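Notes for the one structure printed next.
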Amino acid sequence: MTQPTLIRRVALTRPLRVLDAYCCIGGATAGYRLAFPGCHITGVDIQDQPDYCGDAFHQGDAIDFIRAHGHEFDFIHTSPPCQGEGAPTKGTNARRNAEIGRTYPRLIAPTRAALETTGRPYAIENVAGSEVRKDIRLCGEMFGLGVLMHRYFELGGWTAPQPTHPRHRGRVRGWRHGEYHDGPYVAAYGKGGGKATVDEIRQAKRIDWSTDHLRLREALPPSYTEWVGRAFLAARAAAGLGVAA
């Protein structure tokens, strides 16, 4: 169950203003552009993102930007880096990282706190092992993609039903425990061991505006946020509401 956020709304008389925080090259941005025709999307990321595909880009701290400017947007999407949330920071991996002095920030809680100050509807996306509330689970197979890439979405100020999760058609291609497996999906992370090339990731995620291997691996498939955006519009229409004032 999602937690309610007080949101003041008015009738829709202009294109939606969307913020994509921790935007990377804009995988989420591309999906929201499909869901919200004519919208204006601003991306913010701590690193320069020359391949970012939105309308405006700000290089800086995402949480600071949300606190300062989040109230100016009608919808906010956030994808805090998952390195501090999943397997690399838990159990044996966590001990190994500590031994070599590697640390990862935990950004979901402070991101959520910043979002709650804005009074705007939002989504926080992250991996299975994270602290994100598991309101929605999306998978590449839901959209006929060449990656599985299960991701969870916490919805703030609105709700949506969980879509049906179809049966996977096979395995992810690559080496596992010394044995090679073929299958309809590619591993869009890391290098070697049968993992996806740049061209394979572009095709599998349906991202055609970047050739940066690392950022392609990190990018969210646009199909995911197109679904989220359309679900948000449906929820707003069902409630007879407009955009945030």
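The values are calculated or read from the model by the stated rules, or taken from the named source; none is laboratory data. Given the structure is predicted, the values throughout are model-derived calculations rather than measurements. Here Cβ is always computed from backbone atoms with ideal geometry, including for glycine, and neighbour counts include all displayed protein chains. We work out accessible area using only protein heavy atoms, side chains counted, and drop any ligands, DNA or RNA first. Shrake-Rupley method; radii C 1.70, N 1.55, O 1.52, S 1.80 Å.
Pairs linking a residue in segment 207-229 that is among the hydroxyl-bearing types (Ser, Thr, Tyr) to a residue that is open to solvent by 10 Å² or more (accessible area, probe 1.4 Å), with Cβ atoms under 7 Å and 6 or more positions apart or on different chains, are Ser210/Asp51; Thr211/Val198; Ser223/Phe143; Ser223/Arg206; Tyr224/Arg151. Taken together, the residues in segment 109-128 that are open to solvent by 40 Å² or more (accessible area, probe 1.4 Å) and within 17 Å of the chain's Cα centre (by Cα) amount to 4.
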